[in-house]
Structures are given as C-alpha cells and as structure tokens.
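Have a look at the structure below before the remarks.
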Amino acid sequence: MYSIKGASHIFSALKKINLWLAVSVILLPVSIIFYNNIQITKVERGPFPSYKEIGIWLKKNTTTDSKIALVEIGTVGWYSERYIIDILGLVNPYNAKLIGEKKFAQWLEHYEPDYILVHDPLWGHEISADMLIKKNLYKKDERFDFKGYMLLKKATSEKLSVTQEQFEEFQRQKLENFSTIIEPKPLNEKLDGLCSLDTINGSITRSATVSRKIPLSISGWIVNNTATGATQEKVVIRLSSTDGSSLFYASASNQKISRPDVASALRNPNFEKSGFNLMATLKAVSTGQYNLELIQLNNNTLLICPDKGSLVITE
C-alpha cells in the first residue's frame, strides 16, 4: 500500500517535468519485480529429476514380479511397468485406510515391497526408511545411481515385522520439535530471500489441514540472495497463528540439499544447494489457523521469505 502511494507521488512529480521520464521511472522497478517473479515460478514444485529415466532403469534392473513402493508414483510407475505401491495411499486404498488410522507401520507388513524408492537425503515422511536399514530389513541398492534418490532393496527372505511401537519410538528419536523458543534469540527480522514451499506432508501444496498427533513434513528451497554468491543460512520454519497470539519454531531436518532445477531456472549455479526438508512433531502447537513461514537465521536477524503457506491444525 505504501509502495503504491510512494510510486504515485513520484509519478505525479516527474510528470510535470516529462511524461515519458515518469513512465520509465515507474515501469523499470515494476519490470524487475515482474521478471524476478517469473523466474521463481519457472522452478518446478519439488526436485523432479527424470522420473522417466528412473522408471526405465527399474524396468531393466528389476524382475517383472517386483513390487516397488514410493511416493511420486505417476511417471515412474508408467515406465517401470512394475507393481507400484503408493506409500501415501492415493491409489492403494489399504494404505489410505492405515494412514487415516495413524497405523504407519502396517503397510510394510501388508505389501512387503521388494524395493522402496526414497529421496537422498530422506524427506520428512520417508524418515522411517532409516529404521528399515538399521534393522537390516532393507539395504541400499548400489547399482542405482540417480542424484537425489536412493533405492532400498529388501534384504531378508523372512516376513517383515515392524511394530507401530518401534516405528513411533524411532520417529521420536529422529523428529524435530516445534517450540516457542528459538536460539540464538533474534534481535530483528526483515523480509528477504528467495524461496518456494514445495510440499506439505508429501503433497504439492501451500495449504493443508493437519492433525497435531501426526508429524509435519515440509520440503522446499530457500536462499539468501543478498549474500555474496547466494547462500543458504540456517533454515527455520515458523508457525504464526493468524490472530497473532502464538509463534512456534522448528529447525529444518536437512539443509543444503541439491536442487539443480533451482540453479537452472534462476540461472545461478550458487543456488544448487538450496533445498531443505523438515519432519517435526506438532504436539506443542495449539489447534487453530497458522501462517507457515520459511525463514533463514543470519546472525541475530530473521530473514523472512515472502512465499508463505497456511496450516489448519486440528486434534
């Protein structure tokens, strides 16, 4: 609002001197802002490598009766021509039912996938894959060489057995926690940086309704573009209640994840390590409506990215 008033005042003053000068002065910054916004929107939601190539690799390197579990199922499923298990349950109703009942371990026992395709480093909702590796139920398939992804192969001929209690205990050890405290305590904050909120709980969206009983998973990219060479500072996710009464913070679980798509779209190789993800509990967060903000902590200053999301948190 103040920017518009300021621009109007400048235009009126310059118009008295030269109309074309006034138009040029106003249009130049507008054009720059428009160009920057266009560049940011060129970036795909999520790190999207060549899913086609991954699917073709799976077709060539797995048996025809292999069952493969993953989140991003579409293109991979088409080109792999394999039995696909949708971890989020969109095309596997049994998984959707279990997720609705908060039984996040039982789908493994039900489907017993031969392979599980996950991100590297793991995205928030894939963090339990680390438990499967440590329990020697799955191991990394060293033949698979796609940057940003990891293929896990079943490492036992015995029936899988993962209890809900084991799953929840492992998550408690691995998860970040939202808190009203942030360290070091910032002295000031300002709007700054380039970013994109890509996914909430595995879905490509900027808004979602989530239960405080279920861990929150966030992924995206963010950089401090005012820094020399463009860098990623400490990434923090902030939930601010829409009534202004509460603020909750959680640090990103993984930072500086490779995002060549961002570097390519913004034509800046320094943006390559701009990715992040978060997996955190919401138990300390009250129910209600929240703005979801992507923030970088630079010394004692919070750099708040303009790209915001929204959450409705329920019991």
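The values are calculated or read from the model by the stated rules, or taken from the named source; none is laboratory data. Everything quoted here is computed from the prediction, not taken from an experiment. Cβ: placed from backbone, ideal geometry, glycine included. Neighbour counts: every protein chain shown.
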So, Ser264, is that one at pLDDT 90 or above, among the small types (Gly, Ala, Ser) and surrounded by fewer than 17 Cβ atoms within 10 Å (Cβ to Cβ) or not?
no
If we keep only residues of the range 49-63 that are surrounded by fewer than 19 Cβ atoms within 10 Å (Cβ to Cβ), in contact (Cβ under 8 Å) with a residue 24 or more places away in the chain and assigned to a helix (DSSP H, G or I), then the residue farthest from the chain's Cα centre (by Cα) is Asn61
Over 15 Å from the mean Cα position of the chain (by Cα) and not aromatic (Phe, Trp, Tyr): is that true of Thr209 in this structure?
yes
Pairs needed: first member in the range 255-276, touching a residue at least 60 places away in the same chain (Cβ under 8 Å); second member anywhere, of a type in the set (S, T, N, Q); C-beta distance under 6 Å; at least 6 residues apart or different chains.
Arg259/Ser274; Val262/Ser274; Leu266/Gln39
Name the residues in the range 176-224 that are in the same structural domain as Pro260 (by TED's automatic domain parsing) and among the β-branched types (Val, Ile, Thr), would you?
Thr199, Ile200, Ile204, Thr205, Thr209, Val210, Ile214, Ile218, Ile222, Val223
Identify all residues within the range 277-311 that are without any contact (Cβ under 8 Å) to a residue 60 or more places away in the chain, closer than 14 Å to Ala208 by Cβ and crowded, with 17+ Cβ neighbours inside 10 Å; write none if there are none.
Tyr290
From the list Asp243, Asp192, Asp198, which residue is surrounded by fewer than 18 Cβ atoms within 10 Å (Cβ to Cβ) and of a type outside the set (A, V, I, L, M)?
Asp243
